[in-house]
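Colleague: Here you go, one structure.
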Amino acid sequence: MRYVHIDAVEPGQLLGKTIFSGNGAVLLSEGVQLTVYMITTLRRIGVTMISIKDPNFEDVEPVDVVSEETKRAVMKQMGETFESIRSGKELNTRSLSGSIEDLLEEVMQNSEVLVQLSDIRTQDNESYVHALNVCMMSTLIGVNLGLSVTQLKELAIGALLHDIGKVGITTDDQSQDIKLHHTWRGFELLKNKREFSLLIAHVAFQHHETIDGEGLPRKLAGDQIHLYAKITAVANTYDNLLFDLSLGRRLKPHEACERIMAMAGTKLDRDIVIQFLRTVSVYPTGTSVRLSTKETGVVVGQHRGLPGRPIVRIVKQSDERELDVKEIDLAKHNTIFIDAVLS
């Protein structure tokens, strides 16, 4: 499997990973043969990167922290939660809590797996995928920090619902009055939910506060910001750097990690950034790269302790029209570096 830009996809190639709608329904299943119409439609609904099957890398399958089944269940629950808010109905906190317990169990079982945010985004599902990603990364950071199971569940729910205040309002609405900012609205929506800890509401309230006191909505600083919100802020910032065009161009994972490191100690908590960098794949499996040797290849393996030094497979056509395949483990070849990410 390879992870490629939609403009590089050709008709006849096979989809490497299922694409879901916002409510968790399947739009296109893994293995479907892509047509011109499908590729055009994917581009129209906002898809920029997709996974495709490649016979040279058929054994390359990124290991996910959370299974597709659980992701689909959480996204479906998120869709129902958002619809309840839009229609003024009461939130089904029990169902949401159950979905989080399933997700938390898988995250704790796979806490040594590096996060690779390769789920395919569309205009329809991007808010759900964003919430899910922030939840997964925040929970993994919490595991690294040694939080208890009760604390991890509070953190996971808070991170999943951190942007709940955006539901039903527009960017223009937020700019009219600071109290209309989605952090205030999210806090108001969650603070009176008796099934939830008040700390969950404070994640929605404080995830845009910054360590230097220049954040929103109350300009809190340092220890005035709750730990859960500090954790969520790091995960939220990283996912936005990768996928939110409103922040400028979308960054690649290694670029986003560098930006996160630059924010440590000013905008983001330094200790949490250190733990965050232990949870993410700098060069996700399936990514095409160019090495300092001028060879191009695809990342096929990861190292938990050295996320910036993956295993790269290089496939070349030999003179006899046979494929020459070799793998370079950058953890063992300290004079070879990744010069550029090509996808």
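The values are calculated or read from the model by the stated rules, or taken from the named source; none is laboratory data. These numbers come from a predicted model, not from an experiment. Quick reminder, even Gly has a Cβ in these numbers, built from the backbone with ideal geometry, and neighbours come from all protein chains shown.
Colleague: Which residue pairs have Cβ atoms under 6 Å apart, sit 6 or more places apart or on different chains, and have a first residue in the stretch 202-228 that is at pLDDT 95 or above and a second that is assigned to a loop (DSSP other than H, G, I, E, B) and basic (Lys, Arg)?
Modeller: 210/267; 213/219
Colleague: Another one. In the stretch 1-39, what count of residues is obtained for those that are crowded, with 17+ Cβ neighbours inside 10 Å, farther than 17 Å from residue 124 by Cβ and of a type in the set (Phe, Trp, Tyr)?
Modeller: Total meeting the criteria: 1.
Colleague: Now a separate question. Among (1) assigned to a strand (DSSP E or B); (2) modelled with pLDDT under 90; (3) of a type in the set (D, E, K, R), which single condition is residue 321 missing?
Modeller: Only one criterion in (1) assigned to a strand (DSSP E or B); (2) modelled with pLDDT under 90; (3) of a type in the set (D, E, K, R) is unmet by residue 321, namely (1).
Colleague: Could you list, ordered by first residue, the pairs with Cβ atoms under 6 Å in which the first is in the stretch 102-117 and more than 19 Å from residue 131 (Cβ to Cβ) and the second is among the charged types (D, E, K, R), at least 6 apart or interchain?
Modeller: 112/304
Colleague: Also, I was wondering about something else. Tell me, yes or no, whether the stretch 61-71 has at least one residue that is surrounded by fewer than 15 Cβ atoms within 10 Å (Cβ to Cβ), of a type in the set (A, V, I, L, M) and within 26 Å of residue 296 (Cβ to Cβ).
Modeller: So far as the stretch 61-71 goes, yes, one or more of its residues are surrounded by fewer than 15 Cβ atoms within 10 Å (Cβ to Cβ), of a type in the set (A, V, I, L, M) and within 26 Å of residue 296 (Cβ to Cβ).
Per-residue answers, yes or no, for (1) more than 28 Å from residue 200 (Cα to Cα); (2) surrounded by 22 or more Cβ atoms within 10 Å (Cβ to Cβ); (3) at pLDDT below 95:
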position	(1), (2), (3)
245	no, no, yes
255	yes, no, yes
272	no, yes, no
287	yes, yes, yes
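Colleague: Can you spot a residue in the stretch 70-83 that is over 22 Å from the mean Cα position of the chain (by Cα), in a helix (DSSP H, G or I) and within 30 Å of residue 152 (Cα to Cα)? So that I can check it myself, show each step before the final result.
Modeller: Filtering the stretch 70-83 for residues over 22 Å from the mean Cα position of the chain (by Cα) gives 83.
Filter once more, keeping what is in a helix (DSSP H, G or I): 83.
Filter once more, so that each one left must be within 30 Å of residue 152 (Cα to Cα): 83.
The answer is yes; a qualifying residue exists.
Colleague: Helices (runs of 4 or more DSSP H) wholly in the stretch 184-279 with at least 1 residues that are farther than 30 Å from residue 340 by Cβ - which ones?
Modeller: Values: elements: 198-206, 227-243, 253-263, 270-276.
Per the criteria, 198-206, 227-243, 270-276.
Colleague: Taking the stretch 29-51 as the region of interest, how many residues are in a loop (DSSP other than H, G, I, E, B), over 22 Å from the mean Cα position of the chain (by Cα) and farther than 19 Å from residue 61 by Cα?
Modeller: As a first pass, look at the stretch 29-51 and keep what is in a loop (DSSP other than H, G, I, E, B): 29-32, 34-35, 45-48.
If we keep only those that are over 22 Å from the mean Cα position of the chain (by Cα) as well, we get 31-32, 34-35.
From what is left, the residues that are farther than 19 Å from residue 61 by Cα are 34-35.
So the count comes out to 2.
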